[in-house]
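Encoded as structure tokens, the structure appears first; notes follow it.
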Amino acid sequence: MNKTLVAFAVFGAFSAAASAQSSVTIYGVVDEGLAYENAGAGGAFRVDSGLQSGSRIGFKGTEDLGGGLKANFVLESGFSADTGAMAAAGVLFNRQSYVSLSGNFGEVKLGRIQTMVYSNSAVFDPFNDTLAGDSARLFNYGGSRTDNTINYSYSAANGINGQLAYSAGEVAGNNNAGRTVAGALGYAGGPLNAVLTYQNTKNATGADGAKTTLLGGNYAIGITQVFAAYAINKGLAALNTRDALLGVKVSVTSRDAVLASVIHKYDKAVSHADTTQIALGYTHDLSVRTNLYTSISRMKNDYAAAYKATANGKTDLLASVGIRHKF
């Protein structure tokens, strides 16, 4: 009997030690709001999901393998809070879906992962790719995520950080078709946060591609963060544009922030096809998990451009107000 009790005690100790070395977390966001948009053919009110953050439910976990080595995973599914529908029909984990190993060497991820420009948007965009001032409305992000990706990232103690990524197109006999190669080099220390990003996404045949080189960052001065970015976009036949952003975020109180930005797209290949967006936003934290938000933007197209508009030369007006809860 004593031997049996000892055996159970030893087994229990080993089980407790094993469970202490791994963890799984369920998390998510529910974001719902009202939006008004007039893209040149009359205005419309909408009840929208994900105006500030995409509504989602996710699972993430880590296991300590010893010696500083860890195994990690993220499975994240987006949904529309206004309808309950999946954000991408037929794709369960449409946001992120990867497994990784991390340690003193950095982290290596395999799966569906954020694109390089998108993953660095918080560095150069005061709206952080959200609300009416979202820089992705004009900047070339190359999408927000890519499938079949190998991603390596590293952050040094001196603030220098970087990423390298390769997304396979998986086309038999043509390794260039649909593939993406990307890299980023950044610095985060003190008041300065900056990043240089390059992304090259080939088209379906591999004969052409969209190339984006972006330099951006922000600098904190007291309660104010000043943001700036400049991007060069080339490829895909006649694509030859430049994107510039200047923005600011002012933390008026510990719970209140005012956001503003101006974005200009200059088209070097097509005459009179430039576009300018001006945006203003405000967020108020009700708690550490829940906040209210509102924003408005106006995008003015030249007579040969139709970004976010129904026809060339039209102006897009977008306004939103809503609530976001994180769990």
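The values are calculated or read from the model by the stated rules, or taken from the named source; none is laboratory data. None of these values were measured; they are calculated from a predicted model. To get the accessible areas, we keep the full protein, side chains included, count just its heavy atoms, and leave off ligands, DNA and RNA. Shrake-Rupley method; radii C 1.70, N 1.55, O 1.52, S 1.80 Å.
Numbers for the structure displayed
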{"item": "Fraction of alpha-carbon pairs over 12 Å apart in the stretch 190-233 - percent", "result": "65"}
{"item": "Whole-percent carbon and sulfur share, accessible surface of the stretch 236-327, 1.4 Å", "result": "62"}
{"item": "Probe 1.4 Å, protein heavy atoms only - accessible area per residue of the stretch 7-150 in square angstrom", "result": "47"}
{"item": "Per residue, in Å², the accessible surface of the stretch 203-327 once ligands and nucleic acids are set aside, probe 1.4 Å", "result": "51"}
{"item": "For the stretch 92-196, radius of gyration divided by Kirkwood radius, i.e. Rg to Rh on alpha-carbons", "result": "0.99"}
{"item": "Nearest-10 value in Å² for the accessible area of Tyr152, using the 1.4 Å probe", "result": "80"}
{"item": "For Gly206, residues with placed amide H under 5 Å, excluding near neighbours", "result": "Gly178"}
{"item": "Contour excess over end-to-end distance, with Cα ends at Asp147 and Leu65 and 0.36 nm allotted per residue", "result": "26.8 nm"}
{"item": "Value at 222 nm in deg cm²/dmol, rounded to 500, when DSSP H runs of n ≥ 4 in the chain each add -39,500 (n - 2.57)", "result": "-2500 deg cm²/dmol"}
{"item": "Using θ = phi - 60° and Karplus 6.51 cos²θ - 1.76 cosθ + 1.60, couplings along the stretch 54-71 (whole Hz; Gly, Pro as x)", "result": "x, 4, 7, 10, x, 10, 9, x, 8, 10, 7, 8, x, x, x, 8, 9, 9"}
{"item": "Cα shape, the chain, gyration tensor, a/c 1.5 rule", "result": "prolate"}
{"item": "Degrees, to the nearest 10: 2-20 long Cα axis against longest axis of the chain", "result": "20"}
{"item": "Semi-axes of the equivalent ellipsoid for the stretch 159-266, Cα gyration tensor, largest first, Å", "result": "34, 17, 11"}
{"item": "Separation of alpha-carbon centers, the stretch 229-247 and the stretch 255-327, rounded to whole Å", "result": "18"}
{"item": "Over 19 Å between alpha carbons, listed pairs Lys265/Lys314; Lys265/Lys300; Lys109/Lys234; Lys249/Lys300; Lys234/Lys268", "result": "Lys109/Lys234; Lys249/Lys300"}
